[in-house]
Amino acid sequence: MRTLSDYLRDAEQAHGHLCAGQVLGVRMAMLGLQKLGIDDPQSNKEDRKRLVTFVEIDRCATDAVAVVTGCRLGKRALKFRDFGKMAATFVDVQTGRAIRIAAKESSKALARQMHPELENKNQQQMLAYREMADDDLFTTQWVKVELPPEEFPGYKGERIVCDLCGEGINFHREVCHDGKTLCRSCAGERYYELES
């Protein structure tokens with residue numbers, strides 16, 4: 001596995017700046033990979049294919065997790081669950097083992113204690129999060145994640161057409177309603193409104 005400094009440099013470049021969230025994301029992903037026994041998915045194609053990562057927040061840490069793991073939305077290896085938590089679950093699809101790692105709220109207070117000489121909260125956290133022991137920074141839980149075939153990277157499934165709008169639907173995301181096959185938007189789950 002590459003060094004923390006190497007990953008932080010890559011995360012900064014990919015994200016556009018370095019912040020406490022980036023440090024957390026890099027450390028979280030490094031710990032997840034280490035616990036699963038996956039060395040470096042960025043340089044080892046076989047390791048990259050065996051990893052699926054669920055992230056629970058759409059903030060800076062998520063970009064850092066993607067940098068370390070090589071998991072991307074477009075490769076169907078990065079899954080977003082909008083729980084608003086600084087947490088991620090790393091799944092080894094070969095073994096079925098999965099570990100969920102979450103940042104401890106107490107790490108913020110510990111960062112202030114470790115570096116009271118720094119007035120800027122982000123600077124305190126960036127430095128302290130590099131130095132803290134994993135147990136002071138994160139909680140870890142071995143978990144079970146059921147991944148149906150359509151959730152695996154590289155899955156090729158049939159494409160269904162929405163009876164209402166005519167748009168294609170992939171990966172069994174269709175909804176059956178009143179005898180019709182609908183996309184989630186037409187079934188009422190849309191995040192947008194149509195202009196009149």
Original post:
From the list Phe171, Phe138, Phe80, which one is under 27 Å from Thr62 (Cβ atoms), assigned by TED's automatic domain parsing to the domain that holds Val26 and touching a Phe, Trp or Tyr at 6+ places or on another chain (Cβ under 9 Å)?
Top reply: Phe80
**OP:** Those residues that are in contact with a Cys (Cβ under 8 Å, 6 or more places away or on another chain) and not in a helix (DSSP H, G or I), I need them from region 65-81; list them, please.
**Re:** Ala77, Leu78
Original post:
Do we find that Gly84 is under 16 Å from the mean Cα position of the chain (by Cα), exposed (fewer than 13 other Cβ atoms within 10 Å of the Cβ), in a helix (DSSP H, G or I) and not acidic (Asp, Glu) in this structure?
Top reply: no
Original post:
Among the residues of region 57-75, which ones are over 8 Å from the mean Cα position of the chain (by Cα) and polar (S, T, N, Q)?
Top reply: Thr69
**OP:** Output the number of residues of region 16-72 satisfying the condition of being farther than 15 Å from Leu137 by Cβ and either free of Cβ contacts under 8 Å to residues at least 24 places away in the same chain or not β-branched (Val, Ile, Thr) (or both).
**Re:** 30
Subject >> Qualifying residues in region 7-35 (those that are surrounded by fewer than 21 Cβ atoms within 10 Å (Cβ to Cβ) and of a type in the set (Lys, Arg)) - the one nearest to Arg59 (Cα to Cα) >> reply: Arg9
Original post:
Ala128: in contact with a strand residue (DSSP E or B) (Cβ under 9 Å, 6 or more places away or on another chain), among the small types (Gly, Ala, Ser) and at pLDDT 95 or above, yes or no?
Top reply: no
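Table: residues versus (1) charged (D, E, K, R); (2) under 30 Å from Arg184 (Cα atoms); (3) touching a strand residue (DSSP E or B) at 6+ places or on another chain (Cβ under 7 Å).
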residue	(1), (2), (3)
Phe80	no, yes, yes
Ala87	no, yes, yes
Thr95	no, no, no
His115	no, no, no
Leu118	no, no, no
Gln141	no, no, yes
Pro148	no, yes, no
Gly157	no, yes, no
Subject >> Breaking point among (1) surrounded by 14 or more Cβ atoms within 10 Å (Cβ to Cβ); (2) among the charged types (D, E, K, R); (3) under 26 Å from Thr89 (Cβ atoms), for Lys144 >> reply: (1)
**OP:** Go through region 87-111 and count every residue that is closer than 28 Å to Asn122 by Cα, part of a strand (DSSP E or B) and touching a helix residue (DSSP H, G or I) at 6+ places or on another chain (Cβ under 7 Å).
**Re:** 5
**OP:** Exactly one condition in (1) of a type outside the set (Gly, Ala, Ser); (2) closer than 30 Å to Cys183 by Cα; (3) modelled with pLDDT of 90 or more; (4) exposed (fewer than 15 other Cβ atoms within 10 Å of the Cβ) is not met by Phe152; state its number.
**Re:** (3)
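The values are calculated or read from the model by the stated rules, or taken from the named source; none is laboratory data. Quick caveat, the model's predicted, so the values are computed rather than measured. Backbone-built Cβ (ideal geometry, glycine too); neighbour counts: all protein chains shown.
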